[in-house]
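Input: a single structure, listed below in structure tokens.
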Amino acid sequence: MKEINVLLYGLGPIGLEVFKSCTRSNNIKVIGGVDIDPNKVGKDLGEIAGLSNTGIKVTSSLSNIPHGANHSVALHTTGSSVPQVWPQIKSLLDHGYSVVSSCEELSFPWVRYPELAKEIDQYAKDKGLFVIGTGVNPGFVMDSLAVFTSAVTRDIESIHISRKVDVSKRRIPLQQKVGVGKTVEEFNALAEENNIGHVGLEESLRLILNGLGLSQEKIKKSIKPTVTSTDLELSSGHVGKGRVSGLHETAVSSGTIPITLDLVMSVNVEEIDRIIFESKDLGHLEFTIPGGLFGDSVTANVLVNVAQSLMFYRQQGLRTMTDIHTVRNIIDYEKFS
């Protein structure tokens, strides 16, 4: 297999990063782009991404895109909720495209949406295609990376995974997503209704449980605001002293092996990603990425590399990052095969 045909479904900030990532691969041919934004429809894909023209015009409907042939995959970046994106994914499958999606809940939907997960799995299998949700988080840094690094020990006692993200360096929508600028009372009210915060921390923990062969037990979650002690000037606007500067979110599993996921997304925190194992055979093991992984660009690269890997291994059905072959950057398909 020399080349993969890629359809881009969703051309927001992540979708455009995905396109840029695709242009850096000699194994990928972008054949179309779909987005409902009237300011993008009809324009050249390269123009929208700030690159040279490609001759590919953005369309608002799949009906304007050729049906997928062999080695066709859609890179889908439109939403976080499985019920919300399933009609889009189903349509892509009907058009002959396997789907790699940035939908956070899709990274492990088997507990939150068991019946819908079964439906997606069977529908994809009937089409001879695959569906998977992935990204930097969930999908890699707080879950599948931890599963992979667990290979060095045989007797794990506990796992602690932390990620700190400085949202002052991120997109305005992400700053808004974590509550920057709100009062503590506003934040807590939204948190009570599950209408604020990172989507996918529970899915990350469930991916780890799945990857380590542990039962899908009850998970205890918490979310609290971080509060600024000084006035802040951000791309999203002025944030006064005493206002919310981000969040601190945790997910904890206390089963056979205690597992804690600790996520801080706040203004001016020192960025870092860290995985810690306590084990009887090797003691304290720590894997650290100083500076952390930047969300948008890494998510785009993970989507592209997952597409390449799954197309090579001819996967089918609803897959997760902890039940597939090790994803990697396949530089040259011909030499790899």
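The values are calculated or read from the model by the stated rules, or taken from the named source; none is laboratory data. Note that the coordinates shown come from a computational prediction; the quantities given were computed from them, not determined experimentally. Methodologically, a virtual Cβ is constructed for each residue, glycine included, from the backbone with ideal geometry; neighbour enumeration extends over all protein chains shown.
Some notes on this structure:
- Close Cβ contacts (under 9 Å, 6 or more residues apart or on different chains) running from residues in segment 103-129 that are under 18 Å from Leu207 (Cα atoms) and in contact (Cβ under 8 Å) with a residue 24 or more places away in the chain to residues that are among the basic types (Lys, Arg) and assigned to a loop (DSSP other than H, G, I, E, B) comprise Glu105/Arg112.
- Number of positions in segment 96-144 that are of a type in the set (S, T, N, Q) and farther than 21 Å from Ile219 by Cα: 4
- Check on Leu174, outside any loop (DSSP other than H, G, I, E, B) and in contact (Cβ under 8 Å) with a residue 24 or more places away in the chain: yes
- Filtered by the rule that a residue be in contact with a strand residue (DSSP E or B) (Cβ under 7 Å, 6 or more places away or on another chain), within 15 Å of Glu105 (Cβ to Cβ) and part of a helix (DSSP H, G or I), segment 186-244 gives Leu201, Glu202, Ser204, Leu205.
- Search result, residues across segment 167-190 that are under 17 Å from Thr250 (Cα atoms), surrounded by fewer than 24 Cβ atoms within 10 Å (Cβ to Cβ) and either hydroxyl-bearing (Ser, Thr, Tyr) or under 20 Å from the mean Cα position of the chain (by Cα) (or both): Lys177
- Any chance Lys164 is at pLDDT 95 or above, surrounded by 15 or more Cβ atoms within 10 Å (Cβ to Cβ) and in contact with a Pro (Cβ under 8 Å, 6 or more places away or on another chain): no
Each row is one residue, and each column tells you yes or no for (1) touching a residue at least 60 places away in the same chain (Cβ under 8 Å); (2) on the phi > 0 side of the Ramachandran plot.
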{"residue": "Glu185", "(1), (2)": "no, no"}
{"residue": "Glu193", "(1), (2)": "no, no"}
{"residue": "Gly197", "(1), (2)": "no, yes"}
{"residue": "Glu202", "(1), (2)": "yes, no"}
{"residue": "Asn210", "(1), (2)": "yes, no"}
{"residue": "Ser215", "(1), (2)": "no, no"}
{"residue": "Lys220", "(1), (2)": "no, no"}
{"residue": "Thr226", "(1), (2)": "no, no"}
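- Meets criteria (without any contact (Cβ under 8 Å) to a residue 40 or more places away in the chain, surrounded by fewer than 16 Cβ atoms within 10 Å (Cβ to Cβ), out of contact with any Asp or Glu (no Cβ under 8 Å at 6 or more places or on another chain) and within 30 Å of Leu201 (Cβ to Cβ)) for Pro38: no
- Complete set of residues in segment 121-138 that are surrounded by fewer than 24 Cβ atoms within 10 Å (Cβ to Cβ) and within 16 Å of Val82 (Cβ to Cβ): Asp121, Gln122, Tyr123, Ala124
- Qualifying residue in segment 168-176 (condition: touching a Gly at 6+ places or on another chain (Cβ under 8 Å), hydrophobic (A, V, I, L, M, F, W, C) and either at pLDDT 95 or above or not assigned by TED's automatic domain parsing to the domain that holds Lys224 (or both)): no
- Selection count where residues are surrounded by fewer than 21 Cβ atoms within 10 Å (Cβ to Cβ), under 23 Å from Ile156 (Cα atoms) and more than 19 Å from the chain's Cα centre (by Cα), scope segment 261-277: 1
- Just one of (1) outside any loop (DSSP other than H, G, I, E, B); (2) outside the structural domain of Glu270 (by TED's automatic domain parsing) fails for Gly139. It is (1).
- Flag if Thr256 is assigned to a loop (DSSP other than H, G, I, E, B) and either surrounded by 13 or more Cβ atoms within 10 Å (Cβ to Cβ) or among the charged types (D, E, K, R) (or both): yes
- Of all residues in segment 63-84, those that are at pLDDT below 95 and of a type in the set (A, V, I, L, M) total 2.
- One residue stands out in segment 269-328 among those that are touching a strand residue (DSSP E or B) at 6+ places or on another chain (Cβ under 7 Å) and of a type in the set (D, E, K, R): the one that is farthest from Gly79 (Cα to Cα), namely Lys280.
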